[in-house]
Amino acid sequence: KFRSILYSSPTAMQLYRLEADDSLVLTGANPAADHILGISHEKNIGWKIEDAFPGLVNTAFIEKCKQVARGELGSQSMELEYQDERFDGIFDVHIFQTSPGLISIDFLDISERRAVERIGQARLRLVEYSSTHSLEELLRATLDEAEALTGSQIGFYHTLESDQSTLVLQTWSTRTVEEFCVANGEGSHFPVGEAGVWMDCIRERGPVIHNDYESLPHRKGLPEGHAVLKRELVVPVMREDAIVSILGVGNKPRDYTQRDVAAVSQLA
């Protein structure tokens, strides 16, 4: 009866059995779980939970699952932030014992909801910050927030002159200056045509993602002392149908997604 409920449920669910060696082994899952986690349970029956969640080895999550299976804890609910090559987001997780030594883990993807909340909180922090700090400090704080929201390592902000052809390097993020970039040039002017591939956002008048910078045929190289660039996300700031500035982040450990575009665009 439980398995019939499992396979017909729209909620993502996995079943695990606690073995004698204290490992949790996958015994079943429903199509919703396979879709969210990017695996096929039919091919992976017998997987240990560490294999199903390679980024969670020896974590409190796995230990809680074992305690519930042993009957040491009742049903547990928690938020689980998880990133690997298959999934990048946040789960609302429920763990409960179906019978001695057997547990069900239910997953609800709440990534979008949490992303909206985090963006809203970042914007409120910046509004409060702006009342007691200079514009230059606010721009840097905005880049710092954009980095945190996207998991990036570098951030930059350029303004575009009214002629729509001259760029001014306004500022870098705190982390970029302190850890990655020693290139001079803050406040310097240069033509759009001499800019790197990130100026694609000016030509396209919208956000651009370059998840493999090295492979781009039109890249122009980087100035001496500039941070090594692996991937980037760049967003234009529009005023009355004209681009007035460019906000960019780079070197997220994984590919940038449309969720990152939404976060950076809101701050821009």
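Overview of results
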| quantity | calculated |
| --- | --- |
| Built amide H within the under 5 Å cut-off of Leu73, gap 5+ | Val68 |
| Mean projected area in nm² (Cα convex hull; one quarter of hull surface) for segment 56-146 | 8.1 |
| Å² per residue, accessible surface of the chain at 1.4 Å | 51 |
| Mean residue ellipticity (222 nm) of the chain, computed from DSSP H runs ≥ 4 via -39,500 (n - 2.57), nearest 500 | -9000 deg cm²/dmol |
| Loop-exposed GluC sites (Glu not before Pro) per DSSP, neighbour cap 14 Cβ within 10 angstrom, longest uninterrupted part of the chain | 86-160 |
| Alpha-carbon centroids, segment 85-122 and segment 20-34: separation in whole Å | 16 |
| Fluctuation leader among Ala60, Ala12, Ala32 - the chain, Gaussian network, Cα springs under 10 angstrom | Ala60 |
| GNM top mover of Ala148, Ala242, Ala20 - the chain, alpha-carbon springs below 10 Å | Ala20 |
| Cα Rg, Dmax (largest Cα-Cα span) when computed across segment 1-130, Å | 16.4, 58 |
| Pairs of Lys in the chain closer than 22 Å at Cα, counting only those 8 or more apart or on different chains | 5 |
| Amide hydrogen neighbours beyond the local backbone of Ser245, cut-off 5 Å, H modeled | Leu160, Val237 |
| Under Karplus coefficients 6.51, -1.76 and 1.60, residue-wise ³J(HN,Hα) of segment 201-209 in Hz, glycine/proline x | 5, 6, 5, 8, 6, x, x, 10, 10 |
| Note, ³J(HN,Hα) from phi for segment 230-238, Karplus 6.51, -1.76, 1.60, rounded to Hz, x at Gly and Pro | 9, 8, 8, 9, 10, 10, x, 9, 9 |
| Of all accessible heavy-atom area on the chain, the percent that carbon and sulfur account for (1.4 Å) | 51 |
| Calculated Rg/Rh (Cα atoms, Kirkwood Rh) (choose from (i) 0.93; (ii) 1.10; (iii) 0.99), label | (ii) |
| Between helix 111-130 and the chain: long-axis angle, C-alpha atoms, 0 to 90°, nearest 10 | 40 |
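The values are calculated or read from the model by the stated rules, or taken from the named source; none is laboratory data. These figures come from a predicted structure and were not determined experimentally. So basically every Cβ, Gly included, is an ideal-geometry build from the backbone, and we count neighbours across all protein chains shown. The area values use the complete protein model at the heavy-atom level, side chains included, leaving out ligands, DNA and RNA. Shrake-Rupley method; radii C 1.70, N 1.55, O 1.52, S 1.80 Å.
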